[in-house]
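Report on the following structure.
Just so it is clear, none of the values below were taken in a lab; they were calculated from the coordinates. If you're wondering where the values come from, they're calculated on a predicted model, not measured in any experiment. Please note: Cβ atoms are built from the backbone with ideal geometry, for glycine as well, and neighbour counts cover all protein chains shown.
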Amino acid sequence: MQTLETQTTAFDIDRIRADFPALHQTIYDGRPLVYLDNAASAQKPQAVIDRLTRYYTWEHSNVHRGVHLLSQRATDAYEAARARIARFINAAHAHEIIYTRGTSESINLVATSFGHSRIGAGDEVVISAMEHHSNIVPWQMVCQEKGARLRVIPVNDRGELRLDAYDDLLNDRTKIVALVHVSNSLGTVNPVRRVIEAAHARGIPVLLDGAQAVQHMPVDVQALDCDFYCFSGHKIFGPTGIGILYGKEALLNALPPYQGGGDMIETVSFAGTTYDGLPHKFEAGTPHIAGAVGLAVALEYLDEIGLDAIAAYEHDLLAYAHERLQTIDGLRLIGTAAEKASVASFLLEDANPYDTGKILDELGIAVRTGHHCTMPLMNQFGIPGTVRASFALYNTRDDVDALVEGLHTVRRRLGTIRQRGRANAQPAAAPVDDVPSIAERRQEIVEEFDLFDDVNDKRDYLMELGEAMPDLDDAYRTEQNRIHGCLSMVWLHTEARHGRVYFQADSNAMITKGMIALLVRLLNGQPPEAILAEDLDAFMADVDIPHMISAQRKNGLGAMIKRVKLDALALAHS
Ligand code: 7TS
């Protein structure tokens with residue numbers, strides 16, 4: 001038997017890294033990129049990039065319809081890819097592989113097609129508390145439409161399925177079990193064989209969401225005996241816009257088509273249509289041919305290295321990451337299941353994940369922050385989200401060390417910003433009548449920001465202003481005072497005194513708090529009409545805010561500006 005050591009030696013990490021050009025770029029001021037957002041999407045090996053170029057250069061035409069050479073080439077490549085993908089997960093037949101746009105579409109296909117034909121009023125669909133929204137919402141939609149019920153397998157505090165509760169959930173009304181193989185936000189590897197056996201004992205089919213599994217461990221759909229298996233090309237080093245639905249032949253044959261159109265029919269007349277057989281019945285319209293061809297090359301690439309060797313290497317890397325992360329004071333790992341793959345999710349003291357992620361980004365380290373499309377799971381842990389480092393076969397201990405160093409920097413930076421902010425903390429604005437005009441305040445604030453050349457220094461200063469803002473009274477942290485549309489929690493309390501408007505605000509993310517503090521500082525004590533007349537978008541642009549925040553935060557900024565104006569409008573008319 002091979003030992004881990006010999007496997008790791010055979011696993012040539014330098015050669016693997018050399019295959020991925022994106023990893024060798026520097027970002028911002030020449031910082032090497034440390035890419036730890038693989039669960040969101042993985043980088044592409046040169047072989048995949050070259051194959052796409054070759055396909056589009058020499059082989060492209062539409063599939064399944066031409067008599068000419070290029071159409072034949074495209075069809076051959078497209079169908080050869082299907083056979084290659086079938087081999088990768090050991091499907092019994094190539095026609096059990098259905099091309100989709102990704103995991104989300106694969107699940108929607110089954111939820112729609114299976115749901116419409118097999119789920120009725122009073123039936124039940126079983127999912128788990130750790131599902132990605134992609135494996136919740138499509139089932140919710142079907143249940144709503146059919147009057148069926150969604151049942152949820154609970155998860156314990158380590159992020160493991162409660163199998164005892166699962167067994168109790170199964171009954172004669174259960175029509176399907178849909179479960180994530182590996183959790184994207186916790187990294188938990190679920191005991192899918194055990195889950196499938198229990199369902200099959202009652203004749204219930206099982207769908208597995210393998211979006212975070214196939215790139216990390218060997219998957220054999222026949223050995224698992226799952227009925228459906230879904231994954232995305234882009235997370236397994238292939239192109240975006242291509243995904244796979246595997247289904248057992250007999251089940252797929254029995255299901256109605258998902259979408260109608262060209263390429264999925266046998267005959268069409270206005271009296272009616274007969275459908276083509278598998279797999280075409282489920283592939284209406286011109287497919288993502290290049291995506292399929294590129295995906296097959298990505299899988300070939302992984303098979304050459306060996307999924308067992310990849311799993312062993314990544315297991316060792318994750319153990320190292322856990323060990324190193326736990327040396328950081330105040331770091332709390334979220335997701336501590338006994339079986340995990342490639343995801344380290346955590347919170348750093350009371351720092352908002354977004355603030356942590358933004359500073360890591362400045363340092364060249366790409367992670368994801370937030371709820372990771374698993375809001376019910378985050379609610380169970382009582383947190384808004386996490387910082388998530390997710391590893392791929394090309395990551396190294398050096399990447400982990402860079403992350404740990406980066407987190408020490410984050411702690412220091414946030415600590416300094418808090419201290420400086422608090423040292424400058426302002427008392428709540430007293431209601432005086434001779435406040436400077438908005439124009440004067442605006443000038444003063446813009447000049448302060450102009451002192452910094454570097455956008456990162458400006459962002460630190462913004463956070464300091466947030467920390468210096470007077471505290472918001474707990475009584476004002478109400479649902480009514482929440483500003484919705486922001487990724488973090490923001491409260492704004494507004495009141496009028498002597499015909500002038502006074503704001504108090506807070507947020508649980510420092511960058512967001514900085515932005516609302518800017519608005520409060522600019523507008524506090526002004527008459528509502530002056531607030532309504534002010535171009536606040538232009539003000540934010542003048543202090544360079546759009547360069548300090550991500551695109552998603554811009555929506556939040558818009559929501560804050562809108563709220564300030566609406567509150568001023570209400571007071572102007574009161
Ligand atoms: N299921 C799981 C378990 C996932 O992690 C994702 C994407 C999906 C389904 C949806 O895949 P898609 O390719 O159809 O979008 N997960 C993530 C993530 O964790 N960060 O960004 C996307």
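In whole Å, what is the distance between the alpha-carbon centres of segment 167-186 and segment 223-297?
Their Cα centres are 24 Å away from one another.
Please give the calculated 222 nm ellipticity per residue for the chain, where each DSSP H segment of at least 4 residues contributes -39500 (n - 2.57) and the sum is spread over every residue; nearest 500 deg cm²/dmol? Don't skip to the answer; put the middle values down first.
On the way: 22 runs with 254 residues, N = 574.
Here the helix-only value at 222 nm equals -13500 deg cm²/dmol.
What order do you get for Ile516, Ile85, Ile483 when you list them from fewest to most C-beta neighbours inside 10 Å? Write out the running numbers ahead of the final one.
Values: Ile516 28, Ile85 24, Ile483 21.
Exposure proxy ranking, most exposed first: Ile483, Ile85, Ile516.
Taking 0.36 nm per residue of separation and subtracting the Cα-Cα distance, what length does fully extending Val268 through Thr240 add? Please report the intermediate quantities before stating the final value.
On the way: separation 28, 0.36 × 28 = 10.08 nm, distance 3.22 nm.
Gain on stretching Val268 to Thr240: 6.9 nm.
Cα gyration tensor of segment 263-394, axes a ≥ b ≥ c as square roots of the eigenvalues: rounded (a/c below 1.5), prolate (a/b > b/c) or oblate? If you can, show how the numbers build up before the last one.
Numbers: a/c = 2.92, a/b = 1.95, b/c = 1.50.
The shape class here is prolate.
Mind checking the angle between helix 510-523 and the chain's longest principal axis? C-alpha axes, 0 to 90 degrees, to the nearest 10.
For 510-523 against the chain, the angle is about 40 degrees.
If I stretch the segment between Arg194 and Leu251 completely, what's the gain in nm (0.36 nm per residue apart, minus their alpha carbon distance), one decimal?
Numbers: separation 57, 0.36 × 57 = 20.52 nm, distance 2.11 nm.
Between Arg194 and Leu251, full extension yields 18.4 nm more.
Within the chain, how many lysine pairs that are 8 or more places apart, or on different chains, have C-alpha atoms less than 22 Å apart?
15
Give, as a single signed number, the net charge of other residues whose beta carbon lies under 15 Å from the beta carbon of Lys146, with Lys and Arg counted +1 and Asp and Glu -1. Don't skip to the answer; put the middle values down first.
Details: positive: Arg118, Arg149, Arg151, Arg173, Lys175; negative: Asp123, Glu124, Glu145.
Summing Lys/Arg as +1 and Asp/Glu as -1 gives +2.
Could you tell me whether segment 89-205 comes out rounded, prolate or oblate from its Cα gyration tensor? Rule is a ≥ b ≥ c as square roots of the eigenvalues, rounded for a/c under 1.5, then prolate if a/b exceeds b/c, otherwise oblate. The partial results should precede the final answer.
Numbers: a/c = 1.35, a/b = 1.08, b/c = 1.25.
Taking the square roots of the gyration eigenvalues as a ≥ b ≥ c, segment 89-205 is rounded.
So what's the net charge close to Phe449: Lys and Arg +1, Asp and Glu -1, counting the other residues with Cβ under 9 Å from its Cβ?
Values: positive: Lys458; negative: Glu447, Glu448, Asp450, Asp542, Asp544.
Residues close to Phe449 contribute a combined charge of -4.
I want to check the label-to-label distance for His573 and Thr327. Put each point 7 Å from Cα in the C-beta direction and report it in nm to one decimal.
Here the modelled spin labels are 6.1 nm apart.
On a 0 to 90 degree scale, rounded to 10, what angle separates helix 137-146 from the longest Cα axis of the chain?
70
Please say if segment 48-304 is rounded, prolate or oblate, where rounded means a/c under 1.5 for a ≥ b ≥ c the square roots of the C-alpha gyration tensor eigenvalues, and otherwise the choice is prolate for a/b larger than b/c and oblate otherwise? Don't jump to the answer; show the numbers that get you there.
On the way: a/c = 2.32, a/b = 1.42, b/c = 1.63.
Here segment 48-304 falls in the oblate category.
Need the full-extension length gain, Leu150 to Gln480, defined as separation in residues times 0.36 nm minus the C-alpha distance. One decimal, nm. Kindly include the intermediate steps, with their values, before the conclusion.
Working: separation 330, 0.36 × 330 = 118.80 nm, distance 3.09 nm.
Result for the pair: 115.7 nm of gain on full extension.
What is the calculated FRET efficiency for Ala92 to Ile13, with r their C-beta to C-beta distance and R₀ = 35 Å, to the nearest 0.05?
Working: r = 35 Å, r/R0 = 0.99.
The formula returns an efficiency of 0.50 here.
Extending each Cα 7 Å along its Cβ direction at Asp401 and Asn62, get the distance between those two points in nm, one decimal.
Here the answer is 5.6 nm between the modelled labels.
If I fit a long axis through the Cα atoms of helix 353-362 and take the longest principal axis of the Cα atoms of the chain, what angle between them do I get, 0 to 90°, rounded to 10?
Approximately 90 degrees, to the nearest ten.
What nm value, rounded to one decimal, do you get for the distance between His498 and Arg173 when each label is placed 7 Å out toward the C-beta?
Computed distance between label sites His498 and Arg173 equals 6.5 nm.
Using r as the Cβ-Cβ distance of Asp225 and Val137, and R0 as 41 Å, what FRET efficiency do you calculate, to the nearest 0.05?
On the way: r = 27 Å, r/R0 = 0.65.
Step by step, r from the Cβ atoms, then E = 0.95.
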